[in-house]
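Read through the structure below, which is laid out as structure tokens, and then see the notes.
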Amino acid sequence: MIEIIHQGTMTCIVDSGRYGYAAVGVPPSAALDGFAYGALNRLLGQDGHAPALEIIGAQFSLRFHEAMTCAITGALVRASLDDNPLNPWMSFSAAAGSILKVHEVIEGFRYYLGFAGSMALERVIDRFATNLECGFGGYKGRALTFGDRINIDDCYDIPRGAIPGNAIPGMKSPHLLRVTAGPEYHYFTDAAQKIFAERKGRSVYDVSATINRTGIRLEGQPLTFRDDVDKSIISEGILPGTVQIPGDGLPIIMLYERTIGGYARVARVIRADLDRLAHLQPGDYVLFELVAMAEAEHLWEDRQKRLAALRQVCRRVS
Amino acid sequence: MTVLATASQMNISRFGEDGIRILFGETYDLEIHEKVRNFYFFMRSLALPEIIDLTPSFRSCLIHFDTRLTNFACLSSLLREKEDESLCTGNTPDPTLHEIPVHYGGPDALDMKVVCRQTGLAQSDVIAIHSAVIYTVFAVGFIPGFPYMGTLDRRIHVPRLETPRTRIVAGSVGIAQGQTGVYPFPSPAGWRIIGRTDARLFNPGKEPYSLLQIGDKVKYISA
């Protein structure tokens, strides 16, 4: 069993995401940093769909009521297990009664904690991920808080491992987000298209204070719609990473909590850069860059290869 | 085999690396929506492993596909090949008619007064007009189980809120422009709220989860 002593800024249960029910509006609610989540699963020898904690902020603290192996990935944190410092992106053994503490988040925003065992949670619509907005899945459909206890069943032994530093992706601002053009890209003036994502003359956007698991609002130079288009579109399907432009011209990057949108979809963040979205925090800078679909596909293949390669590297270092 | 270069009824385009958008019309109406529905239920009937998700809506269907199993070129040529078949009604269920009781007005109907003022109608007229129509569920989304329904009588068309509310109660019945919908959960809301229902629109514990499916018909009953 684990017990939350402090939930940090916010902690919730995530997994690989709930797919197949978009027609009734059920969003994936997946781990936002899929690479870090994938690395966590590999460190723990799990199948790629296991529930894990997604945590924001320092001060997170947890007590282990029994011995188990765990791993931590995602944002680079300064953490300790009792008095022993822990390195980021590694697995470690926790003794019964020991306390994990996160003292500082050094780089990035969200980090992931998983356990070599089965978290005793119920599947809701096939998955463990928390739909925070509607209050289902995860742990009682809500974020975790002080005193919450979760049983970890069937704990198993697994050799300890660490992901080498050069395999850990950068998470620091400024964030360069590569995009492909969206269905309403042509709704914007030539000047707006340049401001949005052309290397020369593009605007730097600030991540606003309005961010959550649903979306990230940016501030900066508004994009101007062409005169002959409607600013709102007939509501339609969206996918993670869709960049929507509401009437005020400022981009909103949609994450894993919506299946339908009603604003012009100027672009979509390429899949290889979706992991990065987990680490955008208020005050960070964002730059967009329009790339060709072939390049986006190539970058995704490369990301998948890097993730697959972790299986080999993480065992060697223990 | 299609021999003649007849105008296709499906406009196929990409939406990122793993998305295909199939557009069935420039605007939306029942005829276009019927194509969306036929297409959606046909695709579902194929149960292709390479299709991760389908999001049907007013005039389009978005396909989320697994790039490990297929690619845009393969999937779009499959769609072209099956275009005629996919627009047939063979797999499309008959829509279900639901009656949804609504408490109009009252403390939860945050915008009833504003709607009366904007339309110049008495509350009883707004209620009568809103509950007279049998609506069509054009899409389900925004949040799980939320039905985008049309078409609202022109006399009660009102704009969305300039600034959406951060939280309204579950069951809130809203209107905005030509549409009406019900919020299944407490959630942010940009539509004008004129009533509340006790009906449960989404139950994550029980299939098919959503009370309303695309194409279903809804009649509000003043409770």
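The values are calculated or read from the model by the stated rules, or taken from the named source; none is laboratory data. Keep in mind the model is a prediction, meaning the values are calculated, not measured. Quick reminder, even Gly has a Cβ in these numbers, built from the backbone with ideal geometry, and neighbours come from all protein chains shown.
Results, tabulated for the structure shown:
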| read-out | value |
| --- | --- |
| Residue within the range A:18-29 that is under 16 Å from A:L144 (Cα atoms), within 14 Å of chain B (Cβ to nearest Cβ), in contact (Cβ under 8 Å) with a residue 12 or more places away in the chain and in a loop (DSSP other than H, G, I, E, B) present | yes |
| Any chance A:I211 is more than 14 Å from chain B (Cβ to nearest Cβ) and more than 30 Å from B:S210 (Cα to Cα) | no |
| Candidates A:G8, A:G34, A:G48 - the one that is within 14 Å of chain B (Cβ to nearest Cβ), more than 30 Å from B:F58 (Cβ to Cβ) and out of contact with any Asp or Glu (no Cβ under 6 Å at 6 or more places or on another chain) | A:G48 |
| Contacts under 6 angstrom Cβ, first residue in the range A:202-227 being without any contact (Cβ under 8 Å) to a residue 24 or more places away in the chain, partner buried (at least 18 other Cβ atoms within 10 Å of the Cβ) and assigned to a strand (DSSP E or B), 6 or more apart | A:T210/A:R217 |
| The range B:204-223, residues that are more than 18 Å from B:A109 (Cα to Cα) and either away from chain A (no Cβ under 13 Å) or of a type in the set (A, V, I, L, M, F, W, C) (or both) | B:L211, B:L212, B:I214, B:K217, B:V218, B:K219 |
| Residue check, A:M293 in contact (Cβ under 8 Å) with a residue 24 or more places away in the chain, buried (at least 17 other Cβ atoms within 10 Å of the Cβ), at negative phi and not β-branched (V, I, T) | no |
| Among residues of the range A:249-264, those that are assigned to a strand (DSSP E or B) and not aliphatic (A, V, I, L, M), counted | 3 |
| Residue that is farthest from the other protein chains (Cβ to nearest Cβ), among those in the range B:191-203 that are under 16 Å from A:I125 (Cβ atoms) and surrounded by fewer than 22 Cβ atoms within 10 Å (Cβ to Cβ) | B:R200 |
| Subset of the range B:164-190 that is more than 11 Å from chain A (Cβ to nearest Cβ) and outside any strand (DSSP E or B) - its residue that is farthest from B:D125 (Cα to Cα) | B:V169 |
| Residue check, A:S173 more than 30 Å from B:G145 (Cβ to Cβ) and polar (S, T, N, Q) | yes |
| Matching residues in the range A:111-134 - criterion: being away from chain B (no Cβ under 14 Å) and among the polar types (S, T, N, Q) | A:S118 |
| Where a residue in the range A:229-250 is over 16 Å from B:G141 (Cα atoms) and touching a residue at least 24 places away in the same chain (Cβ under 8 Å) and its partner, wherever it lies, is in a loop (DSSP other than H, G, I, E, B) and hydroxyl-bearing (S, T, Y), with Cβ under 9 Å and at least six apart | A:G249/A:T224 |
| The range A:16-70 - residue that is within 20 Å of A:C155 (Cβ to Cβ) and basic (K, R) and, of those, surrounded by the fewest Cβ atoms within 10 Å (Cβ to Cβ) | A:R63 |
| Residue match in the range B:135-150 (condition: modelled with pLDDT of 95 or more, small (G, A, S) and farther than 24 Å from A:I233 by Cα) | no |
| Residue pairs meeting the criteria (Cβ under 8 Å; at least 6 apart or on separate chains; first more than 9 Å from chain B (Cβ to nearest Cβ) and under 26 Å from B:G145 (Cα atoms), in the range A:254-272; second in a strand (DSSP E or B) and of a type in the set (A, V, I, L, M)) | A:M254/A:V243; A:L255/A:I216; A:Y263/A:I233; A:Y263/A:I245; A:Y263/A:I252; A:A264/A:I233; A:A264/A:I245 |
| Among the candidates B:F58, B:F42, residue that is surrounded by 15 or more Cβ atoms within 10 Å (Cβ to Cβ), in a helix (DSSP H, G or I) and among the aromatic types (F, W, Y) | B:F42 |
| Residue within the range A:31-54 that is among the aromatic types (F, W, Y) and within 12 Å of the chain's Cα centre (by Cα) present | yes |
| Residue that is farthest from the other protein chains (Cβ to nearest Cβ), among those in the range B:45-55 that are in a strand (DSSP E or B) and not charged (D, E, K, R) | B:I51 |
| Search result, residues across the range A:202-248 that are part of a strand (DSSP E or B) and acidic (D, E) | A:D206, A:E219, A:E236 |
| Neighbours by Cβ (under 8 Å, 6+ apart or cross-chain): first from the range A:144-157, at positive phi; second assigned to a loop (DSSP other than H, G, I, E, B) | A:D154/A:G117 |
| Hits in the range B:181-196 (condition: modelled with pLDDT of 95 or more and under 18 Å from A:V24 (Cβ atoms)) | B:G181, B:V182, B:Y183, B:P184, B:F185 |
